[in-house]
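Report on one structure; see the data block that follows.
The values are calculated or read from the model by the stated rules, or taken from the named source; none is laboratory data. Please read all numbers here as calculations on a predicted model, not as lab measurements. Here Cβ is always computed from backbone atoms with ideal geometry, including for glycine, and neighbour counts include all displayed protein chains. Only protein heavy atoms, including side chains, enter the accessible area calculation; ligands, DNA and RNA are left aside. Shrake-Rupley method; radii C 1.70, N 1.55, O 1.52, S 1.80 Å.
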Amino acid sequence: MKYTIQSSKYTLKNFIYLFPFAILPAWFLALSTDQHAIFCALETVFSGRVNDFHFVHLFQALSIINFATGASVIFGIASIITMIVCGALLFAFLDKHMRIGKRTLTGIVSKLNDNLISTAGFVLLLLGIYEIWALITSGLMYVFSLIPVAGLASMFTVGTFLFMHVVLIYVVGRIYLWLPCMQITGFRAFEALSYSQYLVEAFKWKLLAVQLVVLLFVEGFIYLCVLSPYTWLFTLLTTIVYTFIIMLFCVRMMVAYFDREQIERADLKKYY
C-alpha cells in the first residue's frame, strides 16, 4: 500500500510534467474501448440473462485490439505504439528526476534510444499477456454461461471473471520490476528478469493485493462511464481514467524499484 500512496503523491505533485507522456496513449486506448460491447455484457449480467452471453461481445469488451471495427483496431495499435514511445520517454524522465532531482526535459529525448527497445519488448509482452487473458477469460465465461440453471451460470461466470483478474495480476506481478531492472542496471533480459523477481519476492502478495483492488476500482468506474448516453463523454471520461492509470503504473514501478534497491531518491530533497 505504501508504494501506491507514495506513487499517488508523486503523480499529483508532478502531474504537469507526467501528463504529456500519458495523454496520447490514454486517448487512443479510450477510442479503442468498445462501449457497446461492455454495455451489452453488463446488461446481460444485471438482467440475470447470462445464458444470452455471446463470446464475441465478451472478447470485444475485454480486449484492447478487439476487432469490432477497423477503427478500433487502428486505435488499439496506435495506443500500443504511442505507449512504447511515450513510455520510454516517461521512464527516462522518472529516472532522471529520482536520481538527480531535476525535472527538466534536457537529455530525455537522447535517452529514448537506450529505453526504446526494452520498453517496446515490455509493452508488447504485457499486450500479449493481456490479449491471451482476454481470450481465455471470454471463453471460460461463455462456457459457464451455457449452464442451463441461470443461478449457477451467473455464479460461475462472475466467479470466473473475478478469479481471472487474480491470475492476470499475479502474472503481471511476476515481471513488474523487469523493465526498470533492464533500463537501470543494464542487465541482459533474462538476468534482469531473475533479479526483478528477487526484488519483488518480499512484498509481492501485498503488491498484488493492492493492484487487484486498483484494477477492480478502475474497471468499476469504466463500467459507470459506459452508462453515458454520449460517445464523446465516454471517451473523455475513460481518457482521464487511463491517463491516471498509466502515470500511476509507471511511477509505482519506479518507486518500488528505488525502494527495493535502497537507492536514495534525489527528488525527495528540496534543492531543485
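The residues of the range 66-84 that are within 12 Å of Val123 (Cα to Cα) and either outside any helix (DSSP H, G or I) or open to solvent by less than 30 Å² (accessible area, probe 1.4 Å) (or both), listed by number, are Ser79, Ile80, Thr82, Ile84. Look at the range 103-125 and say how many of its residues are touching a helix residue (DSSP H, G or I) at 6+ places or on another chain (Cβ under 6 Å) and either touching a residue at least 40 places away in the same chain (Cβ under 8 Å) or not β-branched (Val, Ile, Thr) (or both). Final tally of qualifying residues: 10. When restricted to residues that are under 19 Å from the mean Cα position of the chain (by Cα) and assigned to a loop (DSSP other than H, G, I, E, B), the range 134-188 contains 3. For the range 142-182, filtering for residues that are charged (D, E, K, R) and modelled with pLDDT of 90 or more leaves 0. Among the criteria (1) farther than 19 Å from Ala41 by Cα; (2) open to solvent by 30 Å² or more (accessible area, probe 1.4 Å), the one Leu168 does not fulfil is (2). Within the range 85-128, the set of residues being more than 13 Å from Ile184 (Cα to Cα), open to solvent by 30 Å² or more (accessible area, probe 1.4 Å) and not in a helix (DSSP H, G or I) comprises Lys102, Arg103, Thr104, Leu105, Thr106, Gly107, Val109, Ser110. Consider the range 195-216 and keep the residues that are modelled with pLDDT of 80 or more and of a type outside the set (A, V, I, L, M, F, W, C). The one that is surrounded by the fewest Cβ atoms within 10 Å (Cβ to Cβ) is Tyr198.
Residues in the range 179-193 that are in contact (Cβ under 8 Å) with a residue 12 or more places away in the chain and within 21 Å of Ile108 (Cα to Cα): Leu179, Pro180, Cys181, Met182, Gln183, Ile184.
Screening the range 217-272 for residues that are surrounded by fewer than 14 Cβ atoms within 10 Å (Cβ to Cβ) and polar (S, T, N, Q) and picking the one that is nearest to Ser32 (Cα to Cα) gives Thr231.
Total residues in the range 9-41 satisfying the condition of being surrounded by fewer than 16 Cβ atoms within 10 Å (Cβ to Cβ) and polar (S, T, N, Q): the figure is 0.
In this structure, is Val56 part of a helix (DSSP H, G or I), open to solvent by 70 Å² or more (accessible area, probe 1.4 Å) and not small (Gly, Ala, Ser)? Criteria met by Val56. Within the range 189-206, being over 21 Å from Met98 (Cα atoms), in a helix (DSSP H, G or I) and either under 15 Å from the mean Cα position of the chain (by Cα) or among the small types (Gly, Ala, Ser) (or both) holds for Ala189, Ser194. Applying a threshold of 6 Å to beta carbon distances and a minimum spacing of six or more residues, or different chains, the list of pairs starting in the range 194-221 at a residue that is closer than 19 Å to Met182 by Cα and ending at one that is open to solvent by 50 Å² or more (accessible area, probe 1.4 Å) and in a helix (DSSP H, G or I) reads Leu199/Arg260.
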